[in-house]
Amino acid sequence: MNNSIVAAVLLLGLGAGYGLAQWQPGASSMPAKADRQALYWYDPMFPQQQFDKPGKSPFMDMQLVPRYADGAASATTPAATPAVQIDPGLAQNIGVRLASVSRGVLTSRLELSGILAFNERDVAVVQARAAGFVERVYARAPGDVLKAGAPLVDLLIPEWAAAQEEFLALRRSGERGLIDAARQRLRLSGMPAGLIAQMERSGQVQSVLTVTSPISGALQTLEVREGMTVTPGQTLARFNGLDQVWLQVAVPEAQGAMLNVGQRVQSHFVGLPGKTLDGTVSAILPATAMDSRTVQVRVELPNPDGALRPGMTAQVSLAQTGGQALLQVPSEALIRTGKRVLVMLAEEGGHYRPVEVETGVENQDHTVILSGLQEGQQVVASGQFLLDSEASLKGVTATAAEAAMNMQPGAQP
């Protein structure tokens with residue numbers, strides 16, 4: 001047993017001596033890189049900066065590191081664009097998910113709130129036709145919803161009494177020309193045609209005029225009281241129709257440019273659960289609210305049963321649709337650095353390359369791409385930040401938009 005131990009020690013000593021004899025400072029078991037041409041040199045702490053010759057880093061107290069063709073291909077030709085390579089199994093483990101660059105009509109839906117208001121185009125104002133006295137005010141008050149023809153007040157108009165007496169006297173004379181002239185004077189004095197016809201049928205003076213509601217709607221104001229004196233042209237009452245109401249919606253300024261008059265709108269009211277009402281954008285007001293930076297949009301809603309009342313709140317759904325098919329990617333695929341926008345472009349063989357893109361309008365989950373990508377390409381929608389960090393560490397910089405488009409076979413500039 002002692003002889004075996006002594007033999008083992010001798011063998012270990014011989015092996016160690018052989019290894020020390022073979023080792024030389026600077027030697028490596030890796031293949032020598034002296035015969036390989038470096039693409040550029042870089043500082044590992046600042047991989048985005050490239051240098052065309054070796055030397056000391058201007059950023060750190062260390063030597064620049066060469067980048068060879070096997071780590072990042074030469075950028076002199078489109079087919080050899082710098083990229084990082086990730087094993088498919090590792091890509092799956094870190095949650096890399098791809099999405100296609102597609103072309104389609106940009107459609108988004110805005111969910112906003114709105115408030116019902118009266119239709120200011122459906123307004124009726126009741127005025128006194130002649131001077132008189134208020135003999136009776138019917139039981140009405142502002143806020144009442146009345147039918148057309150509902151009585152409001154009784155007015156006694158003395159000057160109509162004398163004109164009617166003259167007309168009845170001339171009618172007994174049978175002079176057609178004088179009768180027509182007297183009837184015309186009654187019309188010019190403001191006497192309604194219906195009251196004139198009633199006077200002619202009954203042959204009695206009609207000196208009391210019952211003022212009625214001209215339309216069906218809500219009584220906004222009632223400016224008369226019993227015993228008051230009224231003058232010609234004095235406003236007695238004001239009405240707002242309810243057959244159609246306005247839904248006032250404040251749309252953010254950025255989305256207001258995509259709205260159009262005539263666009264369909266869906267609304268849901270708290271007071272009408274389970275009911276969806278369809279309306280139409282009737283006007284986009286020209287002024288922008290300075291405090292909220294919103295555009296005021298007016299939506300017309302039919303109200304045949306009178307269930308909609310001004311002041312009610314609603315959840316409004318506005319669909320925005322672009323006019324032409326646009327190139328777009330999921331918004332989550334974008335890497336925003338503050339100065340530019342990047343995406344990680346997926347290529348064959350597990351290669352990923354950062355590409356700079358120019359973005360356009362953004363909807364709920366997609367963003368329009370103006371330049372930098374082509375339809376059918378694959379971009380990383382999840383895990384792109386890890387890949388971008390790996391590309392920065394290896395000195396792979398983002399490709400400009402024009403170069404990225406030309407790098408794909410058959411791509412059109």
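Any read-out appearing in this document is the output of simple, stated calculations on the displayed coordinates, not a laboratory observation. Everything quoted here is computed from the prediction, not taken from an experiment. Note: ideal-geometry Cβ built from the backbone for every residue, glycine included; neighbour counts use all protein chains shown.
Straight-line cross-link reach from LYS53 at under 19 Å between alpha-carbon atoms covers these aspartates and glutamates, not counting any fewer than eight positions away in the same chain: ASP35, ASP43, ASP61, ASP70.
With charges only on Cβ, +1 for K and R and -1 for D and E, what is the dipole size of segment 123-240 about its Cα centre, in debye, rounded to 20?
On the way: 13 positive and 11 negative charges, 55 e Å.
In total the dipole reaches around 260 debye.
Each peptide in 378-384, 171-177 gets a packing score, the mean of other Cβ atoms within 10 Å over its residues, and the list from highest to lowest is 378-384, 171-177. The residues neighbouring GLU253, those whose beta-carbon lies less than 15 Å from its own, together hold a net charge of -1 under the Lys/Arg +1, Asp/Glu -1 convention.
SER216 sits among other residues whose Cβ lies under 12 Å from its own Cβ, and their net charge, with Lys and Arg +1 and Asp and Glu -1, is -2.
With the simple model of a label 7 Å out from the Cα in the direction of the Cβ, SER292 to SER317 spans 2.2 nm. Charge tally for LEU318 (other residues, Cβ to Cβ under 13 Å; Lys, Arg +1; Asp, Glu -1): +1.
Multiplying the residue separation of ARG103 and ASP144 by 0.36 nm and removing their Cα-Cα distance gives an extension gain of 9.2 nm. Here the label points at LYS56 and ALA117, each 7 Å from Cα along the C-beta direction, are separated by 7.3 nm in the simple model. Here each label is just a point 7 Å from Cα along the line to Cβ, and for ASN93 and ASN260 those points are 5.3 nm apart.
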